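In what follows, a structure is listed as structure tokens, so that the remarks can point back to it.
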Amino acid sequence: MARASTYHGLLSLIVRHELMTEAAAQTAATAAESEKRPFLSHLIENNVINSMGFARLCSREFGMPLFDLSCFDHNLLPTELLNEKRALKHSALPLYIRGNRLYIAIGDPTNIAAIEEFQFNAGMRTEAILVCEQQLQDTINKVFENDSNALSLDSFDEDELAGIEVDDNTTVEGSDDPDKADRPIVTYINKLLTDAIRKGASDLHFEPYENTYRVRFRIDGILHEMGSPPAYLAARLAARIKVMSKMDIAEKRVPQDGRIKLKISDKKSIDFRVSSLPTLFGEKMVLRILDSSIAMMGIDSLGYEPEQKALYLHHLNQPQGMILVTGPTGSGKTVSLYTGLNILNTTERNISTAEDPVEINLTGVNQVHINTKAGLDFSKALRAFLRQDPDVVMVGEIRDLETAEIAIKAAQTGHLVLSTLHTNSAAETITRLVNMGVQGYNIASSVSLIIAQRLARRLCEHCKEADNVPTEQLLELGYTIEMINNGLTLFKPIGCDKCANGYKGRVGIYETMPMTDKIGRIIMDGGNSIAIADAAQQDGVANLRRSGLVKAGQGVTSLTEVSRVTSL
């Protein structure tokens, strides 16, 4: 019997207290295994033992207090951790998060596998709270009664779902009548898109595996599992997304790109950038949410410190030079660039951008979508820009020497150039350009400002608590004695019904390094990134770690989050 070791403690308890004979208990365990149901759930459902009586027995035997689940407010459940498949598999339910610890309701104290799986998926220490199994089953059924995993549901807000611009006349494979046979698939996808917007997600991941299928949302930079439809629907889900994004549904061997437009209201719509990737067990689909309103948020909402904001605005208002924004994928570079473009976007300026792809439409800005298959790359777009009397040029990313040299030439000849690179710090951006083959004197004379950035999760204002951290640990993290003695107050995440694990939203952490004479000389002398970083810090430039520590000291984020997104 595959689960004999799992049931050993529970079987022993039941037999020892003469609730069942050993033979009957073994037979019930075998039946539960064949049904793929937890052993205790099988016993309660078939009225073999009394649920509340067994719960009291477990409370005495295992020294665990018994929690009355019927008095718990279901609205307080951590929604980001609710997963119907996992709850039914283990007969367990996440109740609440306190600090960095998850507490789950469980009727079987011996079910260590449930605790381990919830701990693995939540990424935090997990402890069990003993409850009555019958109350637990009733709560699970109630919580997931209207869950979006049920593909048979087809009653949603029609005004909200009807705005998806898609060629519905295209037949999804495997269906002679797409309006009828694929209605659950259509409804499920539409529901996920609207749910992602409501939850503030930045990406949706549809991932097929051999025997399972997983849907995840990236919320505040962290992936959360949101659904697990049957694996046999993988091809139909991928086909529906490809139809909506105008992809070729017959082509499954190579990656494809597309877009979906979702109309939220008469005045607002949100685009989804869609990418398909052939994997071992089907096509993985990733949808990135592109909300044009982020460019209108204003620089004050991004998290720049006053001196960093002043430096960025100063260089934006210069007639020429190059501003480079650097950081890994998902660090907020696009938002910083579009915020700058929105500030520059006036009738007096001619602004052109080359992007791959164009993520946000800005009225008044001439945006070019790079199409390498047609021969339109960044370098060709830049050459064309320079023949059209530009004032401001934005290059989505500097990827090669040719693009870098044209951008530098533009910056040196009276144009303001904005672009991005993928490096870990401002100083390493210089090294990256040198490694591409750009001459040091060209870098020193053209680059005016480098902004390195990360996105850290904001602490929830409703539940954060003061964090008492020893002075020795603060010094190890990077605080100075002066900062500590200056009334430093730190906070830690707790978790409530208004946030996700104690965090809600994100804030930028920045390193803004201007090109000074000292740094220019180091570059032309062949100095490395360490020498450049040291010179910048001597000039008062706060690196990413120091900027993060400032944010933690302001109560905006936690030390744990600063350590996650920055390095010493």
Put K246, K518 in order of accessible area, largest first, 1.4 Å probe: what do you get?
K246, K518
E61/K142 FRET efficiency (R0 22 Å; Cβ-Cβ; nearest 0.05)
0.15
Protein accessible area in the chain, 1.4 Å probe - carbon and sulfur %
48 percent
As a test question: what accessible area, to the nearest 10 Å², does F491 have when a 1.4 Å probe is rolled over all protein chains in place?
50 Å²
At a probe radius of 1.4 Å, what is the per-residue accessible area of D291, in Å² to the nearest 10?
30 Å²
Using a 1.4 angstrom probe and counting only protein chains, how large is the accessible area of E397 in Å², to 10?
40 Å²
Between (1) 4, 19, 30, 27, 15, 5, 1, 0; (2) 3, 15, 22, 22, 16, 11, 8, 3, 0; (3) 3, 15, 21, 22, 19, 12, 6, 3, 0, 0, the structure-derived P(r) over Cα pairs in 10 Å bins from 0, in percent is (3)
Work from the charge dipole of the chain (Cβ charges, +1 for Lys and Arg, -1 for Asp and Glu, about the Cα centre) and give the residue of I14, G487, Y209 farthest towards its positive end.
G487
Semi-axes of the equivalent ellipsoid for region 431-558, please: Cα gyration tensor eigenvalues, times 5, square-rooted, ordered largest first, whole Å.
36, 18, 10
Lysine pairs in region 243-394 8 or more apart or on different chains: how many have alpha carbons under 25 angstrom apart?
17
Could you tell me the largest-minus-smallest coordinate of the C-alpha atoms of region 371-474 on each of the three principal axes, in descending order and whole angstroms?
59, 31, 28
Cysteines not pairable in the chain (beta carbon separation under 4.7 Å absent):
C58, C71, C132
Could you order Y96, Y503 by accessible surface area, starting with the largest, using a probe radius of 1.4 Å?
Y96, Y503
Coarse-grained scattering of region 10-99 at q = 0.13, 0.21, 0.22 Å⁻¹, given as base-10 log I(q)/I(0) from a Debye sum over alpha-carbon atoms:
-0.55, -1.16, -1.21
Under 5 Å from the placed amide H of N501, counting only residues 5+ away or on other chains, we find C496
What FRET efficiency do you get for D257 and A310 if R0 is 35 Å and r is their Cβ-Cβ distance, rounded to the nearest 0.05?
0.35
How big is region 411-467 by Rg and Dmax over its Cα atoms, in Å?
17.6, 53
In debye, nearest 20, what is the charge dipole magnitude of the chain about its Cα centre with +1 on Lys and Arg Cβ and -1 on Asp and Glu Cβ, if you could check?
700 debye
Give the shape of region 467-519 as rounded, prolate or oblate, defined through the alpha-carbon gyration tensor: a ≥ b ≥ c are the square roots of its eigenvalues, a/c under 1.5 means rounded, and otherwise the shape is prolate if a/b is larger than b/c and oblate if not.
oblate
Amide H within-cut-off set for R214, under 5 Å, with H built and near neighbours excluded:
E207, Y209
I need the shape label for region 489-568. Rule: rounded when a/c is under 1.5, else prolate if a/b > b/c, else oblate, with a, b, c from the alpha carbon gyration tensor.
prolate
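The values are calculated or read from the model by the stated rules, or taken from the named source; none is laboratory data. Because the structure is a prediction, the values reported are computed rather than measured. Cβ atoms come from the backbone with ideal geometry, glycine included; neighbour counts cover every protein chain shown. The area values use the complete protein model at the heavy-atom level, side chains included, leaving out ligands, DNA and RNA. Shrake-Rupley method; radii C 1.70, N 1.55, O 1.52, S 1.80 Å.
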